[in-house]
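The values are calculated or read from the model by the stated rules, or taken from the named source; none is laboratory data. Small disclaimer: the values here were computed from a predicted structure and weren't measured. Positions of Cβ are backbone-derived with ideal geometry, glycine not excepted, and every protein chain shown enters the neighbour counts. Heads up: the accessible areas ignore ligands, DNA and RNA and are worked out on the full protein's heavy atoms, side chains in. Shrake-Rupley method; radii C 1.70, N 1.55, O 1.52, S 1.80 Å.
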Amino acid sequence: MAYLLLVLAQVTGLVLIPFGLPGLWLQAGALAAFGWWTDFTTVGFVPIALALFLALLAEIAEFLLGGRYARRYGGGRRAAVGAIIGGIVGAIVGLPVPLIGSVIGAFVGSFIGAAVLEWTRGEGTRPAVRAGWGAFLGRVVATALKGGVGVVIAVLSVLTALS
């Protein structure tokens, strides 16, 4: 029964990731709970620590990629900061819309944050929109990266629990 719940939590976590919800943390927490429930007979400290570490790295990457892509697309430091702040604010503002509101909010917020702060540099609309587009692409890449990390955590969890 515990194994079935672990697998269900891993699948649920994977489904939550694209919606901007804490799927990675659900997955890592489920692995830790499984370890605790089974007296850490198959799942020990190392796999749990690895899952938590991977989740943390993916979260950090999510925040940084929007800014990095904004800069790659010609934006300055302001655009990078705007992408990060805009993504966070957008995710919060989008929360009232069920399921996809926070995702759309984070994508749009990254774009708007980067574009607006780049526009304040006074170099015109075109560079601002380009930086915003870069921030948007960065958010898309970050979401895909988090999905990949989620798959790694799921495989780690299921295989470790089986042994």
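Worth a mention:
- The number of residues in segment 121-134 being surrounded by fewer than 18 Cβ atoms within 10 Å (Cβ to Cβ), among the small types (Gly, Ala, Ser) and either touching a residue at least 24 places away in the same chain (Cβ under 8 Å) or part of a helix (DSSP H, G or I) (or both) comes to 0.
- One residue stands out in segment 15-35 among those that are at pLDDT below 95 and hydrophobic (A, V, I, L, M, F, W, C): the one that is farthest from PRO96 (Cα to Cα), namely VAL15.
- Elements of type helices (runs of 4 or more DSSP H) contained in segment 1-108, each with 2 or more residues being closer than 30 Å to LEU162 by Cβ, open to solvent by 30 Å² or more (accessible area, probe 1.4 Å) and out of contact with any Asp or Glu (no Cβ under 9 Å at 6 or more places or on another chain): 2-16, 23-37, 45-72
- Test: LEU117 is closer than 25 Å to GLY23 by Cα and not basic (Lys, Arg): no
- In segment 135-147, the condition of being among the polar types (S, T, N, Q), assigned to a helix (DSSP H, G or I) and buried (at least 23 other Cβ atoms within 10 Å of the Cβ) is met by no residue.
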